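Note sheet for the following structure.
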Amino acid sequence: MVYKSTGAERLRGSAKRRVLRYGVLWLVDPAMLGASESETISALLRAGAVISRSNGDGRVYFRARKADAERLAKRAAGLLGQRGIVTRLETTYSPRRSSRQPNTIVSSIGAMSSSVAMMRVEGRLSRSPLQFIEFIPAGMTVLPYGTSFLVHVRPNEYPALRNYIEQEGNSVLLVGARSEVVAGDQASGAVRSCGGRALSRRFPTPVVTYAGRNLATLDVEGQQLRVAEGDTVLVVQRPQWGRGLEIAVMRFG
């Protein structure tokens, strides 16, 4: 297991600190675990990794603190039947660019639903996506997404998020919808059937790479984000015209 990168090079300030609180990116060779890439990614997610995906060169990466990375990798190895495996942390990193597109997996047991609200917000903290993110309540996971940010919110954190947005004052709902999560489609894909087709084109949200009954994974610039029932994913962007921000709120479950 070797060090890959911080995975937060495009962030700064408190947004970068929020990401690095969960550690850096580590590379694992599935061949050492006697498993395929997809099996290794699944095992790492089940072992507790926040994100895990293919590195494009036969290896898999995941995010963890240095103190936790080896323990998490051993737990994943145990899930794959490779108990007693010895892992060693190294700091050598040779970047290799991946052109592989994310695989999409459709569950055979049905998928959970998602409620989507896309809105326009104007207020004291909505002058830019970075300013909005810097003051967002503590504990939420922030990831870079396009030219803006994505926020992963746990169920117990949602009231704080709702209050934070309401405090901004001027919030206008652009479109809202609810539908089943569909692998291969955007997480906000439901809004296209409710008059939000043009908005969906200029305001992309992460693609769903796996849709199950109680769990889904989203591709966030090559990182696999695991969302469970009750989780909320927020995408913030600067609008093409006017002041304020555009925010997509997707609640799963």
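Thinking of the chain as a set of Cα atoms, what percent of all their pairs are more than 30 Å apart? List each step's numbers first, then the result.
On the way: 8836 of 31878 pairs.
Counting every Cα pair in the chain, those more than 30 Å apart make up 28 percent.
Can you list the residues of the stretch 213-248 with backbone N under 15 Å from a point 7 Å past the Cα of R162, pointing along Cα to Cβ? Once the point is set 7 Å along Cα→Cβ of R162, 230-233 turn out to lie under 15 Å by backbone N, inside the stretch 213-248. A dipole drawn for the chain from +1 and -1 charges on Cβ atoms has a positive end, and of V181, F203, L143 the residue lying farthest that way is L143.
Taking the Cβ-Cβ separation of S38 and N170 as r and a Förster radius of 51 Å, what is the calculated FRET efficiency to the nearest 0.05? Calculated value: 0.70. A simple packing score, the average count of other Cβ atoms within 10 Å per residue, orders the peptides 180-191, 65-76 as 180-191, 65-76, with the highest score first. Nonpolar atom fraction for the stretch 13-80, defined as the carbon and sulfur part of the 1.4 Å probe accessible area, stands at 51 percent. Of the beta bridges in the chain, as assigned by DSSP with both residues counted there, near 95 percent are antiparallel.
Of the accessible area of the stretch 114-252, computed with a 1.4 Å probe over protein heavy atoms only, carbon and sulfur atoms account for 49 percent.
Highest mean first, the peptides 205-211, 170-176, 15-21 sorted by other C-beta atoms within 10 Å per residue fall in the order 205-211, 15-21, 170-176. Counting only protein heavy atoms and a 1.4 Å probe, the stretch 178-253 has 41 square angstrom of accessible area per residue. Between R197 and E9, the contour length at 0.36 nm per residue exceeds the alpha carbon distance by 64.4 nm.
Taking 8 Å as the Cα distance limit and 6 or more residues as the minimum spacing, I'd like the relative contact order of the chain as a percentage. RCO, the chain: 21 percent.
Counted residue by residue at 0.36 nm each, then reduced by the alpha carbon distance between them, the extension gain from K66 to F135 reaches 22.1 nm.
Taking the Cα centre of the chain as origin and assigning +1 to Lys and Arg Cβ atoms and -1 to Asp and Glu Cβ atoms, the resulting dipole is close to 440 debye. The spread of Cα positions in the stretch 114-252, taken along each principal axis and listed from longest to shortest, comes to 39, 33, 25 Å.
The values are calculated or read from the model by the stated rules, or taken from the named source; none is laboratory data. This is a predicted model, so every value here is computed, not measured. Quick reminder, even Gly has a Cβ in these numbers, built from the backbone with ideal geometry, and neighbours come from all protein chains shown. Side chains are part of the model used for accessible areas, which takes the heavy atoms of the whole protein and leaves out ligands, DNA and RNA. Shrake-Rupley method; radii C 1.70, N 1.55, O 1.52, S 1.80 Å.
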